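The values are calculated or read from the model by the stated rules, or taken from the named source; none is laboratory data. In this text, all values refer to a predicted model and were calculated from it rather than measured experimentally. We place every Cβ from the backbone using ideal geometry, glycine too, and count neighbours over all the protein chains shown. Side chains included, ligands, DNA and RNA excluded: accessible areas come from the protein's heavy atoms. Shrake-Rupley method; radii C 1.70, N 1.55, O 1.52, S 1.80 Å.
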Protein chains: 2
Amino acid sequence: MSSSVNLDGEKTLRSGNDNNGDMSDEVVHSNPYSRLMALKRMGIVNNYEKIRKLCITIVGIGGVGSVAAEMLVRCGIGKIILFDYDQVEWSNMNRLFYQPRHIGLSKVEAAGLTLSSINPDVIIETHHMDITKVETYEFFLDSLETSGLTFGHPVDMVLSCVDNFEARMAINSACNEKNITWFESGVAENAVSGHIQMIVPGKTACFACAPPLMVSAGIDEKSIKKEGVCAASLPTTMGIISGFLVQNALKKLLQFGKVSDYLGYMALTDFFPTMTLKPNPFCQDNYCKIRQDEYKLNEKQQPPDNCEPAPSEDSVVHDDNTWGITLVSESEPEKSHEQDLSLPTGINREFTVDSLPCNEDEEVSVGEETLEDLQCKMKAL
Amino acid sequence: MSSSVNLDGEKTLRSGNDNNGDMSDEVVHSNPYSRLMALKRMGIVNNYEKIRKLCITIVGIGGVGSVAAEMLVRCGIGKIILFDYDQVEWSNMNRLFYQPRHIGLSKVEAAGLTLSSINPDVIIETHHMDITKVETYEFFLDSLETSGLTFGHPVDMVLSCVDNFEARMAINSACNEKNITWFESGVAENAVSGHIQMIVPGKTACFACAPPLMVSAGIDEKSIKKEGVCAASLPTTMGIISGFLVQNALKKLLQFGKVSDYLGYMALTDFFPTMTLKPNPFCQDNYCKIRQDEYKLNEKQQPPDNCEPAPSEDSVVHDDNTWGITLVSESEPEKSHEQDLSLPTGINREFTVDSLPCNEDEEVSVGEETLEDLQCKMKAL
């Protein structure tokens, strides 16, 4: 079920890095890292070579995940771990990465072969596996905790590039339990919108805190799986979402720029909604609530993290906002906090039926529906 | 100097298209076009198979152009023509597309081999050529006019993915002369910003109308070429710009969505400035002025083109705006037109020295400098 690609010695002529795979900043055509190390010289990233110490797990290596993996490998990441249970088909050829010679291979095998030939310095571990099954979920959990670059240490981040709700929920549960920051990503079945979202357990809303917002790109797995129904896809949209995903992952891990908590892409109008979602104190995921408590405690004990930009005024949570929900639309920076409770333009909820309150506890309206309503509907599914 | 890649028969098992390379919309795993033809079923693109009749020329197949070419080939474009004079180096490996096995090959040869194996239905013509030389420029001009999908017909669009001013000016002159719509693209040497810009001769500003705005991404060829100085690059930023470029090219050619005249990307903040630039009636490029006259005449004689969305209120040109310059910032949709004459946030001018008026003719201020000033400075370079 699992295999590792041995990368040693495949390209012995490769220069620009010593035997340890360290990065050279020499400005010569023979150095594969010269353009990356230039990020240091230009003051963009202070410690670019830190990337050689990082390990990222990618779940789902289809149109988004495969390109994200290639970007990370070309950036010189220390190690990537790939999970996927699918195989390469002709119908995948309209997206980047896989080539006709890969057809019939499992995606992890094809990706492993391609990625190791692109950059033999990267350790690539592949698992032909559906992580939503009971036994494989345990394996996945254990992998998150122990398969980092140094054996026995956790991975540094997870990128979710899956196409269904169950897999997203599995990743969410695992990352809450193991306290690992992850990015969710998605592309709509009409191929012209997509999004990425960063989930820092305890700090931002998890996938179980407010799921209707997470699947705002309109992915409807049930319709995709219906016989004879085929989701559209474009290499453009998927390439852009892959780029947003890895760019923000790099910003978070290498501590440069400002990471977007949520970044959407509406291809038809070139519109890019952004927002920030605070966690739900009544989240159904117990590990999420534990992480929230830890985060609050940590915040009280420590001064703000200097590595990240100070929170903008827009992200301040109101005292009367019991749910801690804060939506910050980049396109309306001057709006008052009161107005921010409606969703930014271009972000839609998955559920659009009338609200059916099922809990008389404190409620805060998110647009027309309460978070309670949405959770009830979700449970009913 | 020039070569054509013969694509026939490389993948005889490829299905989903008949002997003419027509697109099937059959929903089966063996159909490479099923996910693209789904765009029709979902009402996104009315006539997707039109792409099989299109020919696009790409000049510069480095980090942006090679990925743009791959996207078009995977989308099933009829024909692409590639111009580049560079060869593949180890220092290119931090960007998508080229692989270590290509090192030492010319970029056009490596790209031709890879692209033809990805989609043998696409006609790929390659030219190992610097189009800025006198004799090669003539060849390029002739190619634009006669190398379309049907011999003797013009190509449908040009994508500029070059990294220097001279090549952009050559493409600009040629496209003005041959009246061909083109997209300019660029990524800054610090790797964290980029842009695309559509130039429709006579309708929008050409590269000679307002060059300081076109190179706003901060590319400084002189510093790049200095010995020992190396521009930074990231596969993320370049992949995103490639995606924006091809997505907007597809929107223009297949008539769906709203094409962005200018779309910027600021990676550090995930900010995406947009604007529209009207042509300069005093442009130094004579063919630009001819196209402007033709466009005005055509506009008077014909009702507005129904295939494109009606211009928004923001793009209305003021009567007192002699230069016809309109800047529309997507991020400030409610602003009055008076305010729009300053550049949208995130777009900078190449020239930042004090203004030195050199012409007492009509002037309209674009932020702190006049267009006349900028033209004078450009001439002085």
Worksheet item: Per residue and in cubic angstrom, what volume does the convex hull of the Cα atoms of the range B:74-190 have?
Response: 115
Worksheet item: Quick one: putting +1 on the C-beta of Lys and Arg, -1 on the C-beta of Asp and Glu, what dipole do you get for the range A:85-162 around its Cα centre, in Debye to the nearest 20?
Response: 400
Item to complete: Would you mind calculating the relative contact order of the range A:89-146 from Cα pairs under 8 angstrom and at least 6 residues apart, reporting the percent as a whole number?
Response: 21
Worksheet item: Can you list, shortest first in nanometers, how far B:K258 lies from the same residue in the other copies, with each label 7 Å from Cα toward Cβ?
Response: 2.4
Worksheet item: Given a cut-off of under 8 Å on Cα pairs at least six residues apart, what relative contact order in percent is computed for the range B:108-175?
Response: 21
Practice prompt. Order these peptides, B:259-267, A:24-32, B:230-238, A:237-245, by their mean beta-carbon neighbour count within 10 angstrom, highest first.
Written response: A:237-245, B:230-238, B:259-267, A:24-32
Fill in: Segment B:Q301-B:S30, extension gain: residue separation times 0.36 nm, minus the distance between their alpha carbons
92.7 nm
Discussion item. For the pairs B:K40/B:K296; A:K252/A:K300; B:K53/B:K258, flag any whose C-alpha to C-alpha distance is greater than 27 Å.
Written reply: B:K40/B:K296
Worksheet entry | Using a Förster distance of 22 Å, the FRET efficiency for A:T146-A:N47 (Cβ separation, nearest 0.05) | 0.30
Fill in: Quarter of Cα convex hull surface for the range A:259-300, i.e. mean projection, nm²
4.3
Worksheet item: Averaged over peptide B:257-267, how many Cβ atoms belonging to another chain are found within 10 Å of each residue's Cβ?
Response: 3
Worksheet item: Under a plain spin-label model, where a point goes 7 Å from the Cα along Cα-to-Cβ, how far apart in nm are B:D293 and B:E138?
Response: 2.7
Worksheet entry | ³J(HN,Hα) computed for each position of the range A:204-210 - Karplus, 6.51 cos²θ - 1.76 cosθ + 1.60, integer Hz, glycine/proline x | 10, 4, 8, 5, 8, 5, 8
Worksheet, complete the sentence: Note on the range A:76-91: residues buried by at least 50 Å² of accessible area once partner chains are added (vs chain on its own, 1.4 Å probe) come out as A:W90, A:S91
Response to the item:
Amide H neighbours of B:E125 at under 5 Å, excluding residues fewer than 5 places away on the same chain, with H built from the backbone geometry, are B:I80, B:I81, B:L82
Worksheet item: Where the label is 7 Å out from Cα toward Cβ, how close does A:I290 come to the same position in every other copy, in nm, shortest first?
Response: 7.5
Practice prompt. Compute the relative contact order of the range A:18-75 as a whole-number percentage, counting only Cα pairs closer than 8 Å that sit 6 or more residues apart in sequence.
Written response: 22
Item to complete: Provide the FRET efficiency to the nearest 0.05 for the B:K258-B:Q284 pair, computing r from the beta carbons and using R0 = 25 Å.
Response: 0.25
Item to complete: Give the nm distances, rounded to one decimal, from A:M169 to the matching residue in every other copy, measuring between label points 7 Å along Cα toward the beta carbon; shortest first.
Response: 6.2
Item to complete: Enumerate the calculated ³J(HN,Hα) couplings along the range B:188-198 in order (Karplus 6.51 cos²θ - 1.76 cosθ + 1.60, θ = phi - 60°), each rounded to whole Hz, writing x wherever the residue is Gly or Pro.
Response: 5, 6, 8, 6, 10, 8, x, 7, 10, 8, 8
Worksheet entry | Residue-by-residue Karplus 3J(HN,Hα) for the range B:244-254, coefficients 6.51, -1.76, 1.60, Hz, glycine and proline x | 4, 5, 6, 4, 6, 5, 5, 4, 5, 6, 9
Practice prompt. Ignoring ligands, DNA and RNA and using a 1.4 Å probe, state the total buried accessible area between B and A in Å², rounded to the nearest 100.
Written response: 6300
